[in-house]
Amino acid sequence: VVDREQALRGDHTDLDELKPFVGPWCAAEIRRHSRHYHRGMATVNQLRQRSDLLFTQLLVAQGGKPGRRVRRPVAEPRFSWFDPVDAAEATALAFRLSALAATTTRVSTALERVLDHVEEETDGQPPELVRQGFALFVTHNRDGRRLSKPRTASAAPGLFSPPPARTSKLAVSLGGESPQLDYWREDVLLNEHHQHWHEVYPYAGLPPKDFNAWVGATPKSTLIAIMDVLRPGQGAAFVNARSNAQLAQEFARIRGFQLRNLDRAHYRAMFRPNDRQGELFFYMHQQMLARYDAELLSNGLARVKPLSQASLSKPIPEGYDPEGFRVFGIAFTKRNQNKTLDPASVTSLRRQHKAIRDAITRGTLKTVGAQATAIDPNLLGEATEAATWQISGLDPNEYPGLHNSGHGAIAALSPGQVGGVMTSTATAVRDQVFWRWHKAIDDLSAEWQEARPANNFADAPNVLVRDSLVAQATPWASPDIILCRTADLPQGNVSARGTQLFGGAQWNVDFTARPSAGAGTVTTISELTTTMATTAFGNRQIRYLTHEPFTTFIRVENLKTTAQRVTLRVFLAPAAQAADRRAWIEIDKFLVDLPAKAKVVVARSDKESSVVKRKVDLSPNQVLAAGNDPDDDSYCDCGWPYTLLLPRGNANGMQFRLLVLCTDAKIDKVGSPGECGSMSFCGAVDRYPDAREMGYPFNRPFGGAPADAIERAILSLSNAGARTITIRHTN
Ligand SMILES: [Cu+2]
C-alpha cells in the first residue's frame, strides 16, 4: 500500500502503480481545494498545496525506479532544455501562465486558472516540458511566486539520488579518468543545484513578471504584431477592442512554434534575459570546473581534460550507465565506452566552435543582418550557450548554440528516445563527459580573457590585510586570516568574541603560526576537515561529502581617516594549482563597514557564504525532512550546496591557499544577500549584485611570469592577503 509519504519520496514511480493512488489522493485534495468542488475562493494555502501537488506529480512521473517497465507511457516523454525547439515550448507555457494569471483581478481565481492549465497540459505533453514551463512561471512571475514549488530533490529523490549500483561499489561511470569521483558527481544537492540554476537563468528569456505591467509598458504596435501571430490579420482589431483581462485571455494561447517565428523586437518585448545571463553561464560553470579540478586533485587525479576539437571525431573513452533513471517510465540509457559522435555532429560542432574562436580573434561577434558587435563576456556567453538570437541579436547561423548542441550530440550516443543523462539539466553533471565538454566551453571564455590586459588594481581601497608581521614577507603566510572550528566558538556574538581574541592587544599576534589563541580558550586551526557522512534518502542510505563547520576571522585595517565600506572577496585554490587563475574557487563575498582608522576583526561563518544556497541544507536528508518552507520562494532554492563548500582534500592534509581581497564597495555595488539564495551564483531577483566582471580578480591574466604572477600580485597589494591551509579528509 502506497501512502502519501512514499509518493512524495518518489519511491513509487511506476505510473500504473502510482495512478490508483495519486488518483484518489489528488481527487481528495482537489475536492478540498479546487474551484470545481469548493464554493468561493480557494485560499492561498490551498492554491499552494495544489501547486505543490502538481509539481510533485510531474517530478514523480520522472523519478526512477530501476528494473520496472511502464507499459503505457502517458505522453511522448522526450524533452530537453538544451533543445531550442523544446525550450521554446516550455518558455511559451511560462508566458501563457503569466497571461492567465492576469485574466481576472481576483488573484486566487487567476491562479486557479493557471493551475487548471498546468493540469490540462500534463495530458499529452512531456512532463518535463510542463514542469519546466511551470517552474519558470513560479520562479519569475510575481503572482507565480505565491504558489509553491517543492525542492526538486525532496519531491523526487528518485531522480536525484545516486542510482543503486549493481555491485557493492558505487560505480556508474564506465572507464574514463575518474570513476572514483562518482561520489561527487552523483551528489544529490550538486545535481539539484545545476538543474535549478538553469531555471533561474533560462537562456530563452524570462516571462513577464507582471502581465498587466507588461501590457502597459509594451507599445501598442508590438502588441498588435504579436496578436497577429495568434489571430492572423486581426491583431489590431483584437488589441483595440479588448480589455486587459480579455487580452490576457488571448495571449494565453501562444505556443512555442509561434514564438520561434517572432521578430526579434517582438520576442524581446515578451521575454527578457536575466541580468548578465551569458556572463553568469560562463562563470557559474567555470566555478563548477574549478571545484571539480580540486576534487580530482584531492583524489590524486589530474585536472579535467577538455573534449577538444581534435578529439571530437575520436571515440569518447568514458561511458555512463544510469542504471535505471527514468523519464516517465522510459529510462535514460547507457552510453558505452568508446562511442564516437556521428560525423554530422562533429562537423557542426567544429563549425560552431570555429565561429566563436574566429570571433575571439577578431574581437567582434556577428549580429543578425551581418553587422558586427564588440565582444563582452555576456555576449560571448550568449553566443556559446545557446542561440536565442531574438534575445542576443547574434547571427543564429554563425552561433546556433555550441554548448547546447554538444549536450544533445553526446546524449544521442545513448540509444532510445530519451538518450543519455547529458540531455537533462537535472542529470548531466553525473557524467564525466559533462565536465570535459564544459572544459572545452570554458576554454573559449578563458581564451578571450587571456587576450585582455591584466587588472591593474588602481581602484583598490586604502586598507591593509597584512602579508606578514615581519619585514621580509613570505608568500601565503598572512596572519590576518584566522580559522576556528565553529563548534569551539561560544554561542552568541561571535564577532565581539573575535575582536576580544584577535583584535586590540592581540592585533600583532600571529595566530596562524601557533595552534592556540593567546587571549582565551578558543583554539585556532590551520586545517579544515571533510568527511563522508551517511544519511537516509528516499528509500535508501546514501553517502555524501561534507565538512566540519568553520568560522573565518579576517583582520582588516582601515588606513583612511574616514569610514569606508569594502567588499571582502574570499577565494580558495589547491596550492599545486594556485598559479593558475582558473583554479581559484569563490568561497565568499560580503560587505564590511570599516570606521575611520579602525582595526576590525570580521567574523564569518561558513554557513553565511555567498556562494551557498540559503538557508543552508546541512545534509541531503534535511531537504526531505524540512519539506517546503512557505516563506521561501523558488529563487531562494538556488545556490551551491553548503555540504560541498570545500573540496575533499586528502588523508594527509592537502595544501590549499586561502585568499582575501578587499575592493571598494562604492564601485562594486554588491548587495546584501539576506536570507535567500546564493548571491554569487544566482544573483538577486532583478540585478546581479556585483558591478565588477564576474570572477574578479581572476577574470584576467595577472601579467608577468605566470608561475608566480598571482602570488606576487597578492604580496604587492595591501588590500589582499593569503595564507596556506590544509584540508584533511577523515573517514
Ligand atoms: Cu549547465
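The values are calculated or read from the model by the stated rules, or taken from the named source; none is laboratory data. On a predicted model such as this, the values are computed, not experimentally measured, just so you know. Please note: Cβ atoms are built from the backbone with ideal geometry, for glycine as well, and neighbour counts cover all protein chains shown.
General remarks:
- Test: residue in segment 234-257 that is within 30 Å of Y544 (Cα to Cα) and either within 15 Å of the ligand (Cβ to nearest atom) or surrounded by 22 or more Cβ atoms within 10 Å (Cβ to Cβ) (or both): no
- Taking segment 401-512 and the helices (runs of 4 or more DSSP H) fully enclosed by it, the elements with 1 or more residues that are within 16 Å of the ligand (Cβ to nearest atom) and in contact with a Gly (Cβ under 8 Å, 6 or more places away or on another chain) are at 402-411, 432-450.
- All of (1) touching a helix residue (DSSP H, G or I) at 6+ places or on another chain (Cβ under 6 Å); (2) buried (at least 24 other Cβ atoms within 10 Å of the Cβ); (3) in a helix (DSSP H, G or I) hold for Q352 with one exception: (2).
- The set of residues from segment 290-302 being out of contact with any strand residue (DSSP E or B) (no Cβ under 8 Å at 6 or more places or on another chain) and buried (at least 20 other Cβ atoms within 10 Å of the Cβ) comprises Y292, E295, L296.
- Hey, A536 part of a strand (DSSP E or B) and among the small types (G, A, S) or not: yes
One line per residue, one yes/no per condition, for (1) of a type in the set (K, R); (2) more than 16 Å from the ligand (Cβ to nearest atom); (3) crowded, with 23+ Cβ neighbours inside 10 Å:
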{"position": "S173", "(1), (2), (3)": "no, yes, yes"}
{"position": "E177", "(1), (2), (3)": "no, yes, no"}
{"position": "R185", "(1), (2), (3)": "yes, no, yes"}
{"position": "H194", "(1), (2), (3)": "no, no, no"}
{"position": "G205", "(1), (2), (3)": "no, yes, yes"}
{"position": "W214", "(1), (2), (3)": "no, yes, no"}
{"position": "A217", "(1), (2), (3)": "no, yes, no"}
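- Residues that are surrounded by 20 or more Cβ atoms within 10 Å (Cβ to Cβ), free of Cβ contacts under 8 Å to residues at least 60 places away in the same chain and more than 16 Å from the ligand (Cβ to nearest atom) do occur in segment 269-278.
- Summed over segment 376-400, residues that are away from the ligand (no atom under 15 Å from the Cβ) and assigned to a helix (DSSP H, G or I) total 9.
- Odd one out for L230 among (1) farther than 13 Å from R96 by Cβ; (2) touching an Asp or Glu at 6+ places or on another chain (Cβ under 8 Å): (1)
- Among the residues of segment 279-309, the one identified as within 16 Å of the ligand (Cβ to nearest atom) and of a type in the set (G, A, S) is A290.
- Filter result for the condition that a residue is surrounded by 23 or more Cβ atoms within 10 Å (Cβ to Cβ), at pLDDT 95 or above and within 30 Å of P400 (Cβ to Cβ), over A87, A94: A94
- Condition check for S148: assigned to a helix (DSSP H, G or I), more than 18 Å from N274 (Cβ to Cβ) and in contact (Cβ under 8 Å) with a residue 60 or more places away in the chain: no
- In segment 687-705, the residues that are in contact (Cβ under 8 Å) with a residue 60 or more places away in the chain and in a loop (DSSP other than H, G, I, E, B) form Cβ pairs under 6 Å with partners that are surrounded by fewer than 17 Cβ atoms within 10 Å (Cβ to Cβ) and of a type in the set (K, R), at six or more places apart or across chains, as follows: R700/R452.
- Of the set (1) closer than 26 Å to D580 by Cβ; (2) without any contact (Cβ under 8 Å) to a residue 24 or more places away in the chain; (3) of a type in the set (D, E, K, R), all apply to R351 but (1).
- Filtering segment 564-576 to residues that are touching a Lys or Arg at 6+ places or on another chain (Cβ under 9 Å) and buried (at least 20 other Cβ atoms within 10 Å of the Cβ) leaves Q564, T567, L568, R569, V570, F571, L572, A573, P574.
- Residues in segment 694-708 that are of a type in the set (G, A, S) and surrounded by fewer than 20 Cβ atoms within 10 Å (Cβ to Cβ): G703, G704, A705, A707.
- Contact map, segment 209-234: residues that are over 12 Å from L247 (Cα atoms) paired with residues that are of a type in the set (A, V, I, L, M, F, W, C) and part of a loop (DSSP other than H, G, I, E, B), Cβ distance under 7 Å, separation 6+ or inter-chain. Pairs shown: V229/L262.
- Residues being assigned to a loop (DSSP other than H, G, I, E, B), touching a residue at least 60 places away in the same chain (Cβ under 8 Å) and small (G, A, S) - total across segment 573-614: 3
- No other residue among A651, A722, A691, A709 is out of contact with any Phe, Trp or Tyr (no Cβ under 9 Å at 6 or more places or on another chain) and at pLDDT 90 or above apart from A651.
- Yes/no for R335 being surrounded by 22 or more Cβ atoms within 10 Å (Cβ to Cβ) and within 16 Å of the ligand (Cβ to nearest atom): no
- Scanning segment 356-366 for residues that are under 24 Å from R185 (Cα atoms), among the aliphatic types (A, V, I, L, M) and more than 25 Å from the chain's Cα centre (by Cα) turns up nothing.
- Yes/no for T486 being without any contact (Cβ under 8 Å) to a residue 40 or more places away in the chain and of a type in the set (V, I, T): no
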